[in-house]
Every structure is written in C-alpha cells, then in structure tokens.
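A.B. asks: Before we start, here is the structure in question, set down as structure tokens.
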Amino acid sequence: MIIGIDKLGFYTPPYALDMETLAEARGVEPAKYTIGIGQTQMALVPITQDIVSMAANAAQTMLTEEDKSAIDMILFGTETGIDHSKSAAVYLQNLLGLSNRVRAAEIKHACYGATAALQLAKGHIMLNPDSKVLVIASDIAKYGLNSGGEPTQGAGAVAILVSANPKLISLDNATSFFTDDVMDFWRPTYAAYPYVDGKYSNEQYIRFFEQVWTDYKEKTGLDFKDYAALCFHLPYSKMGLKALKPLLEEEDAAVQDRLLARYQEGTIYNRLVGNIYTGSLFLSLISLLENSQSLSVGDRIGFFSYGSGAVGEFFSGQLVEGFQEHLNQEMHKDLLEQRQALSVEEYETMFADTIQVTDQEQDFTDRPDSSHFRLAGIKDHKRLYSASGNKLFK
Ligand code: HMG
C-alpha cells in the first residue's frame, strides 16, 4: 500500500521582526544574524495566537468536507503545550468541526514530536486504508529577550494530512532512528524558556545526523546520488548545512551542487519565520516544493528530524504524479508578505503581553489579529477561541 503526505497547510502569525533591526538593537553585526545564523526575519506571536489557534489556521486552509469526514485520528506534535492534562488535539477537533469519532492525542519530544506522529499515522493508515490522519506540528519558540537563542525564535504551525494514495509524497517504509539522553536543550515544567547549551546542541544535531544517515544508507543502500533533495529540521537556516556539508565532501560536484541548491530552496520560508520547533522540518518541505523549479515526479526527498534531548530520525519519500497541482504557493507567499513589520520596542511589548495566572476573566478581543482562528480570552481558566464571525468555542 502507498501511504504518505496528501496535503500540507501552513500558518504563521501576522507579525514579523526584521533581523537587521534586531541586530542593531542588540549591538550585533547584522551579518551575524542574516549570514552567520541565516535568518532574515522572525515571526512574532501576539497573545491572540497559541498552538491550538495556529494549528486550526494551518489546517483549515487545506481540509475539504470530504477530508474532514475521513479523518479519524488527530495527532498533535508540540513542545509548547497549553495544558498538562488535556491535549491540544481535542480543542482542534472542536474548532475544525471534525467528527467526534476520532482518536485525539498530543505527542511530545522537542522538535521531533511531529515526526513521531507522522510515523504513527502511517501505521494507522496501514490498518485502516480508507481513513485519513491529521498530523499537526505547532509551536512557539521563545528563548527570552537578549538571550543567545533570541535570533532563532519563531512561531507557526504545519498541518499534514496523511492518507493512502497521497497527492504529494509517498513515504518509504524504511526509517532509521537514534535516541540518546543528552542535555542540549530542555524546558522544565516550571520554566517559561528553555535551558540551552547552544554549541553543544549544534554538535549533537550533527552527531545525530551522521548516525541516522549512516544507518539509513546501510539499511537501504541509498546514497546522496539517489536524492533529488534533503530537508532538515531547521532551528535556523544554517544548521542543516553544518551537518550536511562535511558528509557531502566525498561526492562528485553535480551531486553536491544539486543538494546544496535544493537546500537553499528548502530554507526560503524558514529564513522568514524562524524556528517553529516541530514544524520546522515540514516547513522546509513546503518551502522546497513551492520554490523549486527542479523537482519532478518520482524524485526522492530525504528528511532529517531532530528533537533535542535527543531523538533523531532519517526517512524518505517520493514525489507522486500531479504533486505540483496540490501546492499553495500564492497563499503562503501572501501570508508571509502581508505580515506587519514591528519595531524592536513593539516586539518587546508583544513579547511581554502574556497570559496571566489569575481567576479573573481575560479578554483579548480588542487585540488586532486578522487570522481566521484566534484565542479570544480565558474564563474560569478555560481557553475561549473564536473564528471569523466571532463565534466563541468552549
Ligand atoms: P552564538 O554564540 O550567538 O553565535 O550562538 P556564534 O558566535 O556561534 O555565531 C553564529 C555564526 O555566525 C557562526 O558561524 C559565526 O562565525 C557567524 P559558524 O561558525 O557557526 O558557521 N558570525 C558571522 N557571520 C558573518 N558575519 C558576522 C558574523 N559574526 C558571527 N559579522 C546559536 C548561536 C545558534 C548557538 C544560538 O543562537 C543558540 O543557542 N540557539 C538556540 C539553540 C539552537 O538553535 N541549536 C541548534 C541545534 S539543537 C536543535 O536544532 C533543536 C531545537 O530546535 C530545539 C528542539 O529540538 O526542541 C533548538
């Protein structure tokens, strides 16, 4: 049975900060952010967006009524959970008007959560070929003002519809994965921001890529020459390159040129959004598919997923007939281009505007946000969402 990615949806909030502006405010050479780290802008998240509203915004752009009735499982990958108990997937079932006859759960392991969800979704489709699974990757990456990780912040969601006979990419059965208990990046339940050992996290990312790439090559016999493109988890757009380049050195020039050119196409959107943790790998795939003129049916794409702490996985898939007709270039380019650029002062004010732990009702309906779904407020410690038209959902 052919199982894979049928549709991809993407959402990022309607505000952004230019990295050169941030660099000036932090007294840093702008080229460090734009070239050294490889980020042009970062997405800014208002109080009206959380992982649930962002996921709903990403999913509603791609789901038809037919898809909605076929979905019987929602797997929500995130490391920005809004509740220790209730899963974000359940809120989504209500917001999107999906059937109550769905299995809904949240999956966590740092940036790897959505890859785990995707692999579980494949197994579910294998047993239930007529059903579809909605896999979500939705996160807000915040390291704190003036922190080392500040230029790598971001926010956004990717929605992935997984099915048999997919319209975009068939996923190969072989995968290679690797888990090792390392403390490169973690966020204890009491902490607003992660603890991160930046240099060590880079080293672990590179080590995990080498490990799963080598395992996958041994398992499948596939080598760099067999791939049209490779997509990476991108905490910032230079990271994948640091892992890839040393291993590419032995390859002939044509293979190197091809994979490096596709790498750049697969980082265009990520450069404008920043790290969206679970969604970064899949945003890179969307960026590649929507910005490359060099891909054809049957081309194999490799994927490297990395979640600090740490879990890594390499897997691959092939583009299927007609994949170009199921992309949303215009919608995604508009989403990115129409964002409002904020000053550093406005960014810092938005950053500090957070949900309060209080018994009082909190009303966010006066905050500007043109997104379809938004967090409207909090009442009795319950999040209230609204869709355009202002209906409140409990
Ligand atoms: P830093 O100390 O601010 O920066 O940390 P740096 O001094 O290492 O410089 C960065 C690069 O800019 C260097 O290039 C410099 O040479 C260059 P490199 O040597 O790496 O190729 N540079 C310049 N280039 C041009 N012109 C200039 C200039 N100045 C310097 N004038 C770091 C950077 C990424 C470590 C920091 O931002 C950080 O801690 N970020 C957060 C952690 C992170 O993103 N780690 C990545 C791997 S872990 C991961 O991917 C998992 C994660 O997504 C979490 C999860 O799984 O949940 C993070």
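The values are calculated or read from the model by the stated rules, or taken from the named source; none is laboratory data. Because the structure is a prediction, the values reported are computed rather than measured. Here the Cβ positions follow ideal geometry from the backbone for every residue, glycine too, while neighbour counts run over all protein chains shown.
A.B. asks: If I filter segment 15-41 down to residues being over 16 Å from Asn146 (Cβ atoms) and small (Gly, Ala, Ser), which single residue comes out as farthest from the ligand (Cβ to nearest atom)?
C.D. replies: Ala16
A.B. asks: Just need a number here: residues in segment 328-381 that are farther than 20 Å from Met42 by Cα, without any contact (Cβ under 8 Å) to a residue 40 or more places away in the chain and among the hydrophobic types (A, V, I, L, M, F, W, C).
C.D. replies: 2
A.B. asks: Against the condition buried (at least 18 other Cβ atoms within 10 Å of the Cβ) and of a type in the set (Val, Ile, Thr), how does Ile125 come out, does it pass? Before the answer, list the steps.
C.D. replies: Details: buried (at least 18 other Cβ atoms within 10 Å of the Cβ): yes; of a type in the set (Val, Ile, Thr): yes.
For Ile125, the condition - buried (at least 18 other Cβ atoms within 10 Å of the Cβ) and of a type in the set (Val, Ile, Thr) - is met.
A.B. asks: Looking only at segment 100-135, count every residue that is in a strand (DSSP E or B), closer than 18 Å to Glu313 by Cβ and away from the ligand (no atom under 16 Å from the Cβ) and tell me the total. Break it down into steps so the answer makes sense when it comes.
C.D. replies: We begin by selecting, within segment 100-135, every residue in a strand (DSSP E or B); these are 103-107, 109, 111, 132-135.
This time we only want the ones that are closer than 18 Å to Glu313 by Cβ, so: 107, 109, 111, 133, 135.
Checking which are away from the ligand (no atom under 16 Å from the Cβ) leaves us with 133, 135.
Result for segment 100-135: 2.
For every residue, the table says whether it meets (1) over 30 Å from Arg383 (Cβ atoms); (2) in a loop (DSSP other than H, G, I, E, B).
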{"residue": "Phe304", "(1), (2)": "yes, no"}
{"residue": "Phe314", "(1), (2)": "yes, no"}
{"residue": "Glu325", "(1), (2)": "yes, no"}
{"residue": "Leu336", "(1), (2)": "no, no"}
{"residue": "Phe351", "(1), (2)": "no, no"}
{"residue": "Val357", "(1), (2)": "no, yes"}
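A.B. asks: Now, a different point. Which count do you get for residues in segment 227-254 that are in contact with an Asp or Glu (Cβ under 9 Å, 6 or more places away or on another chain) and farther than 14 Å from Phe208 by Cα?
C.D. replies: Here is the first cut: in segment 227-254, the residues in contact with an Asp or Glu (Cβ under 9 Å, 6 or more places away or on another chain) are 227-229, 243, 246-247, 251.
If we keep only those that are farther than 14 Å from Phe208 by Cα as well, we get 227-229, 251.
Of the residues in segment 227-254, 4 are in contact with an Asp or Glu (Cβ under 9 Å, 6 or more places away or on another chain) and farther than 14 Å from Phe208 by Cα.
A.B. asks: For Tyr143, work out the one condition from (1) assigned to a loop (DSSP other than H, G, I, E, B); (2) surrounded by 18 or more Cβ atoms within 10 Å (Cβ to Cβ); (3) away from the ligand (no atom under 16 Å from the Cβ); (4) of a type outside the set (Val, Ile, Thr) it doesn't fulfil.
C.D. replies: Failing condition for Tyr143: (3).
A.B. asks: Would you mind telling me which numbered condition in (1) at positive phi; (2) within 16 Å of the chain's Cα centre (by Cα) Ala55 fails?
C.D. replies: Ala55 satisfies all of (1) at positive phi; (2) within 16 Å of the chain's Cα centre (by Cα) except (1).
A.B. asks: Give all pairs with beta carbons closer than 6 Å in which a residue from segment 185-203 that is within 11 Å of the ligand (Cβ to nearest atom) meets a residue that is of a type outside the set (Phe, Trp, Tyr) and part of a strand (DSSP E or B); count only pairs at least 6 apart in sequence or on separate chains.
C.D. replies: Phe185/Val196
A.B. asks: If you don't mind, another one. Within segment 282-339, restricting attention to residues that are of a type in the set (Val, Ile, Thr) and either more than 18 Å from the chain's Cα centre (by Cα) or within 16 Å of the ligand (Cβ to nearest atom) (or both), which residue is surrounded by the fewest Cβ atoms within 10 Å (Cβ to Cβ)?
C.D. replies: Residues of segment 282-339 of a type in the set (Val, Ile, Thr): 286, 297, 301, 311, 320.
Subset that is either more than 18 Å from the chain's Cα centre (by Cα) or within 16 Å of the ligand (Cβ to nearest atom) (or both): 297, 311, 320.
Values: Val297: 11, Val311: 21, Val320: 19.
The qualifying residue surrounded by the fewest Cβ atoms within 10 Å (Cβ to Cβ) is Val297.
A.B. asks: Something else now. Does segment 60-77 contain any residue that is crowded, with 20+ Cβ neighbours inside 10 Å, under 30 Å from Tyr347 (Cα atoms) and either under 13 Å from the mean Cα position of the chain (by Cα) or charged (D, E, K, R) (or both)?
C.D. replies: yes
A.B. asks: In segment 245-302, which helices (runs of 4 or more DSSP H) lie fully inside it and hold 3 or more residues that are farther than 26 Å from Ala117 by Cβ?
C.D. replies: On the way: elements: 253-265, 268-273, 280-291.
It comes to 253-265.
A.B. asks: Report, by residue number, each residue of segment 208-244 that is surrounded by fewer than 19 Cβ atoms within 10 Å (Cβ to Cβ), at negative phi and either in a loop (DSSP other than H, G, I, E, B) or within 11 Å of the ligand (Cβ to nearest atom) (or both). I'd like the intermediate steps shown before the answer.
C.D. replies: Residues of segment 208-244 that are surrounded by fewer than 19 Cβ atoms within 10 Å (Cβ to Cβ), as a first pass: 210-211, 214-215, 217-223, 225-227, 238, 241-242.
Imposing the further condition that a residue be at negative phi reduces the set to 210-211, 214-215, 217-220, 222-223, 225-227, 238, 241-242.
Result: Leu222, Asp223, Tyr227, Lys238, Leu241, Lys242.
A.B. asks: Still on this structure, please answer the following. Anything in segment 196-206 that is crowded, with 16+ Cβ neighbours inside 10 Å and more than 19 Å from the chain's Cα centre (by Cα)? List them, or say none.
C.D. replies: Within segment 196-206, the subset crowded, with 16+ Cβ neighbours inside 10 Å is 196-197, 201-202, 204-206.
Val196, Asp197, Gln204, Ile206, listed by residue number.
A.B. asks: Just to be sure before I move on: is Asp172 touching a strand residue (DSSP E or B) at 6+ places or on another chain (Cβ under 8 Å), outside any loop (DSSP other than H, G, I, E, B) and farther than 22 Å from Asn275 by Cα in the structure I sent?
C.D. replies: Values: touching a strand residue (DSSP E or B) at 6+ places or on another chain (Cβ under 8 Å): yes; outside any loop (DSSP other than H, G, I, E, B): yes; farther than 22 Å from Asn275 by Cα: yes.
Answer is yes for this residue.
A.B. asks: If you scan segment 148-184, which residues turn out to be within 25 Å of Asp215 (Cα to Cα) and either within 16 Å of the ligand (Cβ to nearest atom) or without any contact (Cβ under 8 Å) to a residue 60 or more places away in the chain (or both)? Spell out how you get there, then give the answer.
C.D. replies: Residues of segment 148-184 that are within 25 Å of Asp215 (Cα to Cα), as a first pass: 169-184.
Correct list: Asn173, Phe177, Phe178, Thr179, Asp180, Asp181, Val182, Met183, Asp184.
A.B. asks: Checking the structure you have, find out if any residue of segment 177-188 is under 30 Å from Asp72 (Cβ atoms), crowded, with 16+ Cβ neighbours inside 10 Å and not small (Gly, Ala, Ser). I'd like the intermediate steps shown before the answer.
C.D. replies: Our first condition is that a residue be under 30 Å from Asp72 (Cβ atoms); within segment 177-188, this holds for 177, 179.
In the following step, the residues that additionally are crowded, with 16+ Cβ neighbours inside 10 Å were identified as 177.
After this cut, where a residue has to be not small (Gly, Ala, Ser) as well, the list is 177.
Yes - at least one qualifying residue is present in segment 177-188.
A.B. asks: Among the residues of segment 90-102, is any more than 25 Å from Leu335 (Cα to Cα), free of Cβ contacts under 8 Å to residues at least 60 places away in the same chain, touching a Gly at 6+ places or on another chain (Cβ under 7 Å) and not aromatic (Phe, Trp, Tyr)?
C.D. replies: Checking segment 90-102: not a single residue is more than 25 Å from Leu335 (Cα to Cα), free of Cβ contacts under 8 Å to residues at least 60 places away in the same chain, touching a Gly at 6+ places or on another chain (Cβ under 7 Å) and not aromatic (Phe, Trp, Tyr).
A.B. asks: Please indicate, with yes or no, whether at least one residue in segment 67-76 is modelled with pLDDT of 95 or more, away from the ligand (no atom under 16 Å from the Cβ), among the basic types (Lys, Arg) and closer than 13 Å to Ala159 by Cβ.
C.D. replies: Residues of segment 67-76 that are modelled with pLDDT of 95 or more, as a first pass: 67-76.
Add one more test, that the residue is away from the ligand (no atom under 16 Å from the Cβ), and what stays is 67-75.
Narrowing the set further to residues that are among the basic types (Lys, Arg) leaves 68.
Narrowing the set further to residues that are closer than 13 Å to Ala159 by Cβ leaves 68.
Yes: one or more hits.
A.B. asks: Pull up segment 245-273, narrow it to residues that are under 19 Å from Gly156 (Cα atoms) and among the hydroxyl-bearing types (Ser, Thr, Tyr), then point me to the one that is nearest to the ligand (Cβ to nearest atom).
C.D. replies: For segment 245-273, the residue satisfying everything is Thr267.
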